[in-house]
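Chemist: Input: one structure, supplied below.
The numbers here are math on the coordinates, done by the rules we state, and not lab data. As the structure is a prediction and not an experimental result, all values here were calculated from the model. Using ideal geometry, Cβ is built from the backbone for each residue, glycine included, and neighbour counts are taken over all protein chains shown.
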Amino acid sequence: MADGVADISECGSILSIDLELEREVPATASRLAWMLKNVDRLVHSDGRLWGALRQRVADRVRVEEALASLAAEKVEIPRDLVLEGNTHADCLIDCEHVLIWIEGKRDDWLSQSTKWDVTRDQLARNVEAAWWIASQKQKDYRVLICHEHSLKHHELSLVEGYRRGRWSAGWPHISQEQRREFSTRVGTLTWTKIAEEWPAMRMLPNLADLQ
């Protein structure tokens, strides 16, 4: 049903669904390490706080110790050196063969940045998170953006930019080969199309006003 995403040959039965309690996924060790190594290249989302980041990483001994931990795939580093927090899945469906991450958008839109990096958008974070979870389970994965209204200009730019390899600012720590795989895993889908497939969904209070 989704547009722009690689087909799935077989999902298998559903093993679990995280919905009422959103699944939270921390940034990967490689992402956190890249941020610490590239502090001088990062821009705070609030330009007035440009000096706050340097204060956080002023103790180089602590930074090097954190990098050593991250290199060993350990993310238990000092909280003030964690420059990217958890991302959230509105719905995470774990099937036998595929992990499906759903980002539900109705009256809001994809976030363009994080606190410490104005180019780290929500789509990049979610795709990487889905890939990381799926990798642990040795499964395929898909990230679906479910929206009602037309995607905003920046959302379209992000989706098409990642799909076509024209934009990669959200994945500077990811190899080109992995980015190419990511580009095939992003799909878009409207709530209307979903309701046409399953009309009973229109009875849900949150979708009662669906056109």
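Chemist: Starting from the stretch 1-102, pick out the chymotrypsin sites (Phe, Trp or Tyr not before Pro) whose DSSP state is loop and whose Cβ has at most 12 other Cβ atoms within 10 Å. Walk me through the numbers on the way to the answer.
Modeler: Values: sites: W34, W50, W101; in loops: W50.
Sites meeting the loop and neighbour criteria: W50.
Chemist: Hey, with R₀ at 45 Å, roughly what FRET efficiency would S13 and D59 work out to, going by the Cβ-Cβ distance, to 0.05?
Modeler: 0.35
Chemist: Classify the stretch 29-81 as rounded, prolate or oblate, taking a ≥ b ≥ c as the square roots of the eigenvalues of its Cα gyration tensor: rounded when a/c is under 1.5, otherwise prolate if a/b is larger than b/c and oblate if not.
Modeler: In terms of gyration-tensor shape, prolate.
Chemist: Restricting to DSSP loop positions (anything but H, G, I, E, B) with no more than 10 other Cβ atoms inside 10 Å of their own Cβ, which GluC sites (Glu not before Pro) remain in the stretch 1-96?
Modeler: Values: sites: E10, E20, E22, E24, E64, E65, E73, E76, E84, E96; in loops: E10, E20, E22, E73, E76, E84, E96.
Loop-located and lightly packed - E10, E20, E73, E76.
Chemist: So between N86 and S111, what do we pick up on full extension, going 0.36 nm a residue minus the alpha carbon distance?
Modeler: Numbers: separation 25, 0.36 × 25 = 9.00 nm, distance 1.36 nm.
My answer for the length gained is 7.6 nm.
Chemist: Further question: Within straight cross-link reach of K74, meaning Cα distance under 24 Å, which lysines are found once same-chain residues fewer than 8 apart are removed?
Modeler: Partners within reach: K37, K115, K137, K139.
Chemist: For V118 paired with D40, estimate the spin-label separation in nm (one decimal), with each label point 7 Å from Cα along the Cα-to-Cβ line.
Modeler: Those two pseudo-labels are separated by 1.9 nm.
Chemist: If each residue of separation counts as 0.36 nm, what is the full-extension length gain between L21 and R180 once their alpha-carbon separation is subtracted? Intermediate values should be presented prior to the final figure.
Modeler: Values: separation 159, 0.36 × 159 = 57.24 nm, distance 3.12 nm.
Separation in residues times 0.36 nm, less the Cα-Cα distance, equals 54.1 nm.
Chemist: Give me Rg over Rh for the chain, both radii from the alpha carbons and Rh done the Kirkwood way, two decimal places. Don't jump to the answer; show the numbers that get you there.
Modeler: Values: Rg = 18.4 Å, Rh = 18.5 Å.
Ratio of gyration radius to Kirkwood radius for the chain: 0.99.
Chemist: Go ahead and estimate [θ] at 222 nm for the chain from helices alone: -39,500 (n - 2.57) per DSSP H run with n ≥ 4, summed, over the residue count, rounded to 500. Numbers along the way, then the final one.
Modeler: Working: 7 runs with 69 residues, N = 211.
Result for the chain, helices only: -9500 deg cm²/dmol.
Chemist: A further question on this structure: Assuming R0 = 45 Å, what is the FRET efficiency of K74 and R202, from their Cβ-Cβ distance, to the nearest 0.05? Display every interim value, and only then the final one.
Modeler: Values: r = 47 Å, r/R0 = 1.05.
Given R0 = 45 Å and the Cβ-Cβ separation, E is 0.45.
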